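Reviewing the structure listed below.
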Amino acid sequence: MIECGYCNKWVSESFMGYGWRVNKDCSRNYSSKSTMTIKYCNCNLKNIDYYEKIADKETLRNLKTKLSEDEINKWTDADKIVIYIAGTIGMIINTLITQTKILKPVDKYISNKLKSKKIKNFKNLFDNYSNSFRKGDSAPIDFQDFEMYGPKSIHAQYSAGHDPLRFTEGILQIISGNYKGVDKFGNIQQSIFGTPVPDIFQAVISYISHMVSDFCNVLSLPYPGSTFLMEWGNDKVRKDLSNAFRSQLYNSRVFIYQNLEILLMNIIIYGYAIYDNYLKKHEINLFIGNEYKYQSMLLASYAMPCALNIAITGTKILITKNPHELFRLNYTTIFNTLKLSIKMLIWKLKK
């Protein structure tokens, strides 16, 4: 009994050409002395023909590894069931959050909690820490001397520095003391305001403390990226965004709610990846979910709620002609789906 050089199974001894040890059940055809056609019959690689010049056993082993990748990355029935479960849960949560009023009582409860004494003390702790770098003076990003669609309390929606997606601009404003934002007419507002914090380390700490404090306000922070729309949009866009922010329909808390489905789908797919790998190799690998197969499963899961959300919202806009329905798009799911799609495409091209 010897080990087959192709499928690593122990079989009756048989030598074919130049001393290669082969499984007698493996099909072999020679087209020349240096080229061999190998059909892997007993290696779970059925119906695969591969032509390659074989120099040594290491080359053959690498060849087998390359061939087996397609088999490894194929979805099994269990994989498809997990994708369906994750995607279905994502679609249910997505629809409840974006197409119903289920968030209203939840957000109202959270808003009331934010008014509690404990939260106020927590907020004041960060406020005082942030102000300590400016000796109690105002933060440059808090300039409010311009016209808005609403009270001064919604100034964060007009401030580039309050947008979580534009945190670098916010830090630069803290360092320089130069405010930048937009007014209700779309005019760029720039002004020297408050007390700057020249030290970059202190400025970063001051900015983070200020943002945490503002996030704990009832109005919270703007929806990430929405201040770009305030700059580039027309008067109606600015008015609608201001009203949505003022009524707590479109802010950073909503952004967190929308990420709930992404979080659950990740937990399901990554958890399954660890379990699946343990069954195969009897070892726990917490990072196995980052491999190609499981990332492709995650993308399929993301695509289900993403497609449903776009379809429902698009249909409503076509029927009602109401652009406010755009607030029902789950931009976090759309962004994550696109990001993972690009990652998988690059991965595929490299292979």
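Only a single criterion out of (1) within 25 Å of the chain's Cα centre (by Cα); (2) buried (at least 21 other Cβ atoms within 10 Å of the Cβ); (3) in the same structural domain as S132 (by TED's automatic domain parsing) is not satisfied by I171, namely (2).
When region 245-278 is filtered for residues that are small (G, A, S), surrounded by fewer than 19 Cβ atoms within 10 Å (Cβ to Cβ) and at pLDDT 90 or above, only G271 remains. Does any residue of region 319-327 turn out to be within 22 Å of the chain's Cα centre (by Cα) and either surrounded by fewer than 18 Cβ atoms within 10 Å (Cβ to Cβ) or not in a loop (DSSP other than H, G, I, E, B) (or both)? Yes. Elements of the type helices (runs of 4 or more DSSP H) sitting completely within region 55-168 and holding at least 2 residues that are out of contact with any Lys or Arg (no Cβ under 6 Å at 6 or more places or on another chain), surrounded by fewer than 16 Cβ atoms within 10 Å (Cβ to Cβ) and modelled with pLDDT of 90 or more: these cover 77-99.
Identify the residue in region 253-273 that is part of a helix (DSSP H, G or I), touching a residue at least 40 places away in the same chain (Cβ under 8 Å) and within 17 Å of L338 (Cβ to Cβ) and, among all such residues, is nearest to the chain's Cα centre (by Cα). The selected residue is I262.
Restricting the first member to region 189-206 and to residues that are free of Cβ contacts under 8 Å to residues at least 60 places away in the same chain and assigned by TED's automatic domain parsing to the domain that holds G161, and the second to residues that are in a strand (DSSP E or B) and hydrophobic (A, V, I, L, M, F, W, C), the beta-carbon pairs closer than 9 Å and six or more apart or on different chains are Q189/V182. The set of residues from region 186-207 being under 16 Å from S159 (Cβ atoms) and surrounded by fewer than 17 Cβ atoms within 10 Å (Cβ to Cβ) comprises G186, N187, I188, Q190, S191, I192.
Only one of the numbered conditions (1) touching a residue at least 12 places away in the same chain (Cβ under 8 Å); (2) part of a helix (DSSP H, G or I); (3) touching a helix residue (DSSP H, G or I) at 6+ places or on another chain (Cβ under 8 Å); (4) not assigned by TED's automatic domain parsing to the domain that holds H324 is violated by K239, and that is (3).
The values are calculated or read from the model by the stated rules, or taken from the named source; none is laboratory data. From a predicted model like this one, the values you see are computed outputs, not experimental measurements. All Cβ positions, even for glycine, are placed from backbone atoms using ideal geometry, and neighbour counts span all protein chains on display.
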